[in-house]
Amino acid sequence: MALVNEHLLRLLDNYLFTDITRKVNSFKVTHPKAEVIHLGIGDVTRPIPAACREAMCKAVNDLGKAETFHGYGPEQGYDFLIEAILKHDYASRGVSLSASEIFISDGAKTDTGNLGDILRHDNSIGVTDPIYPAYIDSNVSSGRAGYIDEWGKWSNVVYIPCRMENNFIPPIPEQRIDIIYLCFPNNPTGAVLTKNELKNWVNYAIKNDALIIFDAAYEAYIRQPDIPHSIYEIKGAKKVAIEIRSFSKTAGFTGVRCGYTVIPKEVTAATLNGERISLNKLWLRRQTTKFNGASYISQRGAEAVYTPQGQEEVKTMIDYYMENARLMKKALGGTGLKVFGGENAPYLWVKAPDGMSSWKFFDKLLYDAQVVSTPGIGFGPSGEGYVRLTAFNDRRQCEEGIKRICHYL
Ligand SMILES: *Cc1c(COP(=O)(O)O)cnc(C)c1O
């Protein structure tokens, strides 16, 4: 008899987006003529930059000729892409890394989940709350999160509340935590950390011998000049932090699939005997066992992001979303609603009026304005009382959606 992974069973009945779809579908059944606008999507909608498309077409043609055919690529990714990353994402910010510290992946979600493979099951976990659900869920599925309580908190997870009262900036915890997930610019709140705020976290990790997993998926959306794009801009971070990046939100690669993870040589974790093991080495071993690389085509597409044309097109795309965010925030702000984020991230984090719950406000937006949002509670207990709106839509849809919301408030 084959036995299932029962840890995974615990996730079966809490999938946020299934609940949203169910609610939207039943609304559509009772309101067949309503034109529903989706401001809940966490997926990009603009076409992939031409530079990337052309590079991918060329890569496909390479595969069609024996002389330029590519089979399995190098385990950590192609040098052409790694070199471009080192130069444009790091050297340009004064961060020096070596090629063997970069691991090209098929996306950030895969790696955030898989990193759990190289860490013992009984590490304590800390997350800022609310947060991208994949960090907790992947730990649940490996049995590391413990049990869920009536407020939706897992027993082995430390939740670091980020609310209006602390400007959505996570306070440094009092206790030791082994592994901390940080995501800045933040999904869902849109908050960013200044250099000093991020430095406090790096110092905490150094002092407490903790590991930080830093998700910088929205790095390209940072507008303020003094906000760090990489955790390695902070001194000492190379000893304690793994950084995860993705071309999904940067270049519209959610359907193409390419990202990368940085594990500096100095990052270590301990065995029970106290021996320090290089996580770079262990991750390489894990990857060569379970992963055969991102496709040649998507890596060529990602390389083109760093060409002058690619940079220009990516900037235009991000400017488009950020202009959506600006317009949305401005219009909503005029109604007296409390609206956060949207300045260094494509997300608006909106406080429900009159102490309304997340789901109640979600229903109101759907039934009054025919706008789909994402209930904040789906991102963790501290998300209660908020909804997330995204700027990942067509300008006209964003404007129309917000106009309707303003009308009904
Ligand atoms: C969208 C997103 C990612 C990107 O995931 P991919 O697997 O690279 O598409 C990673 N982290 C967060 C917080 C995200 O919102």
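The values are calculated or read from the model by the stated rules, or taken from the named source; none is laboratory data. Model, not experiment: these values are computed from the prediction. For neighbour counting, all protein chains shown are included, and Cβ atoms are generated from backbone atoms with ideal geometry for every residue, glycine included. These accessible areas exclude ligands, DNA and RNA; they are computed on the full protein's heavy atoms, side chains included. Shrake-Rupley method; radii C 1.70, N 1.55, O 1.52, S 1.80 Å.
Structure values in brief
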| read-out | value |
| --- | --- |
| For region 108-115, Karplus couplings with θ = phi - 60° (6.51, -1.76, 1.60), whole Hz, Gly/Pro x | 6, 5, 3, 6, 4, x, 5, 4 |
| Relative contact order %, region 67-307, counting alpha carbon pairs below 8 Å whose residues are six or more apart | 24 |
| Taking only Cα atoms of region 269-382, radius of gyration then Dmax in Å | 22.1, 60 |
| Placed amide H near GLY126: partners under 5 Å, 5+ positions off or other chain | VAL158, ILE179, ILE180, TYR181 |
| Selection of trypsin sites (Lys or Arg not before Pro), region 185-281, meeting DSSP coil and at most 15 other Cβ within 10 Å | ARG223, LYS235, LYS265 |
| Length added when fully stretched, HIS88-ASP354, from 0.36 nm per residue minus Cα-Cα | 91.1 nm |
| Contour minus Cα-Cα distance for ASN203 and ARG326 (0.36 nm per residue) | 40.9 nm |
| Most to least packed among 149-155, 214-220 [average Cβ atoms within 10 Å] | 214-220, 149-155 |
| Estimated FRET transfer efficiency (MET1, TRP151; beta-carbon r; R0 45 Å; 0.05) | 0.80 |
| Accessible area of the chain divided out per residue, in Å², using a probe of 1.4 angstrom | 46 |
| Residue-wise HN-Hα coupling along region 290-300, computed from phi with Karplus coefficients 6.51, -1.76, 1.60 (Hz; x: Gly, Pro) | 10, 9, 10, x, 7, 5, 3, 5, 5, 5, 5 |
| Positive-end residue of ALA391, LEU279, VAL240, charge dipole of the chain with Cβ unit charges | ALA391 |
| Solvent accessible area, Å² - CYS406, 1.4 Å probe, full protein context | 40 |
| Cα-based convex hull, the chain, per residue volume (Å³, whole number) | 172 |
| Shape metrics for region 95-201, restricted to C-alpha atoms - Rg then Dmax, Å | 14.7, 46 |
| Net charge, ASP117 excluded, C-beta distance under 12 Å - Lys, Arg +1, Asp, Glu -1 | +4 |
| Highest to lowest packing among 375-385, 340-350, scored as the average C-beta count within 10 Å | 340-350, 375-385 |
| Simple spin-label estimate for SER96 and GLU54 in nanometres, 7 Å along Cα-Cβ | 3.5 |
| Value at 222 nm in deg cm²/dmol, rounded to 500, when DSSP H runs of n ≥ 4 in the chain each add -39,500 (n - 2.57) | -11000 deg cm²/dmol |
| Total lysine pairs whose alpha carbons fall under 22 Å of each other in region 168-302 (8 or more apart, or interchain) | 21 |
| Amide H partners (placed H, <5 Å) of ASP106, local residues excluded | GLY259 |
| Contact order relative to length of the chain, as percent, for alpha carbon pairs under 8 angstrom and 6 or more apart | 23 |
| Proximal aspartates and glutamates to LYS315, defined as alpha-carbon separation beneath 14 angstrom and excluding residues fewer than eight positions away on the same chain | GLU219, GLU323 |
| Segment ASP43-THR30, extension gain: residue separation times 0.36 nm, minus the distance between their alpha carbons | 2.0 nm |
| Phi-based couplings in Hz for region 253-267 (Karplus 6.51, -1.76, 1.60; Gly and Pro marked x) | 8, 4, x, 7, 6, 7, x, 7, 10, 10, 10, x, 4, 6, 6 |
